[in-house]
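This report refers to the structure that appears directly beneath it.
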Amino acid sequence: MTPITLVEGRRISLSNLDKVLYPETGFTKGEVLHYYATVADPLLAHIHDRPVSFLRYPDGPDGQLFFTKNPPPGTPAWVKTTPVPRSEDLRAEQVVVADLPALMWAANLVVEFHTPQWPAGAPALADRLILDLDPGPPATVVECCAAALWLRDRLAADGLHACPKTSGSKGLHLAVPLVPTPSEHVSAYAKALAQEAERELPDLVVHRMTKALRPGKVFVDHSQNAAAKTTAAPYTLRARALPMVSAPLSWAEVRACRTPSDLVFLADDIAPRLAREGDLFAPLLDPGLAGRLP
């Protein structure tokens, strides 16, 4: 029998709560739901009013993965959706996770949350710039941190405030709050920045995805600024062997990183971090810090 729970007056069916989703640690679906309830405040703040894409992994990271932008079958009528453009003559709907009941309903599907760099109602008008720093083995997140520090200073020289987070996998994400700017302009700026980083740090950075260029270097992926692209949200769980989280960081942690394990954060680490540090991605929500591209 599927348990029904009441969340802020909404009836939600929860299923398979004892199912182990992360075999290496025994982390269950019930613990996934508990985790998302624990981080609801900051997670909802960062995905507020954004169309959400889901990476679903109902049988755990080793099972089938489904990436979906459309509202999943059986989406309750009370879950908000928003129209989004898919092509010049096609519009579709995507879910907006607006409150705790919607978050718990979505978490029951076992998901990573991904969002574009623009809010609902303003497609392709970005209020975020994203750089995805991806290490090519044998490089690790340690090399990503070195690249991130250079990028932070370079962004600051243009009056832009960067916030780092782990990708929840091997790399880092840098996010910059912007006054609303056309995605194509953000993309052009981000690409030029990645190219400049490669010129200044030729032994550390590449700006192209070509596999042959990447061993031992950090690929500064600027492509997620395209209007159609999405990025893993802060505080989302990732479909990895362990219940890893895309965790906001302090710049002190980035500077201090000496080994990849320094920046691995699992679900159980996040509540104590929030209690101690607060939401380290809060600057993204501060209108006073939103920058203009030069």
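Take the Cα atoms of region 104-211, build their convex hull, and give its volume per residue in Å³. Enclosed volume per residue, from the Cα hull, is 134 Å³. Heavy-atom accessible surface of GLU200, to the nearest 10 Å², is about 110 Å², with a 1.4 Å probe and all protein chains retained.
For the chain, the 222 nm mean residue ellipticity estimated from helices alone, with every DSSP H stretch of n ≥ 4 adding -39500 (n - 2.57) and the total spread over all residues, rounds to -8000 deg cm²/dmol.
Hand me the GluC sites (Glu not before Pro) from region 35-113 located in a DSSP loop with no more than 14 other Cβ atoms within 10 Å, in residue order please.
Taking region 35-113 and a limit of 14 other Cβ atoms within 10 Å, the loop GluC sites (Glu not before Pro) found are GLU88.
A full extension of the chain between ARG86 and LYS19 corresponds to an added length of 20.6 nm, given 0.36 nm per residue minus the alpha carbon distance.
State the extension gain, in nm to one decimal, for the chain segment bounded by SER169 and SER261, taking 0.36 nm per residue of separation less the distance between their alpha-carbons.
32.0 nm
Note down the magnitude of the dipole of the chain about its Cα centre, charges +1 on Lys and Arg C-beta and -1 on Asp and Glu C-beta and zero elsewhere, to the nearest 20 debye.
Numbers: 29 positive and 32 negative charges, 75 e Å.
The dipole of the chain has a size of about 360 debye.
Candidates LEU266, ASN225, GLY278 compared by Cα position along the dipole of the chain: farthest toward the positive end lies ASN225, with charges placed on Cβ.
Round to a whole number: what % of the accessible area of the chain belongs to carbon and sulfur, probe 1.4 Å? Ligands and nucleic acids excluded, carbon and sulfur give 54 percent. Of the beta bridges in region 158-294, as assigned by DSSP with both residues counted there, near 70 percent are antiparallel.
A viscosity of 1.567 mPa s and a temperature of 4 °C, combined with the Kirkwood radius over Cα pairs in Stokes-Einstein, give a translational diffusion coefficient for the chain of 66 µm²/s.
Per residue, the accessible area of the chain comes to 45 Å², computed with a 1.4 Å probe over protein heavy atoms only. Largest accessible area first, the listed residues ASP127, ASP49 line up as ASP49, ASP127 when surface is computed with a 1.4 Å probe on the assembled protein chains.
The values are calculated or read from the model by the stated rules, or taken from the named source; none is laboratory data. Quantities reported herein were computed from a predicted structural model and do not represent experimental measurements. Here the Cβ is made from the backbone with ideal geometry for all residues, glycine too, and neighbour counts use every protein chain on show. Ligands, DNA and RNA are excluded from the accessible area calculation, which covers all protein heavy atoms including side chains. Shrake-Rupley method; radii C 1.70, N 1.55, O 1.52, S 1.80 Å.
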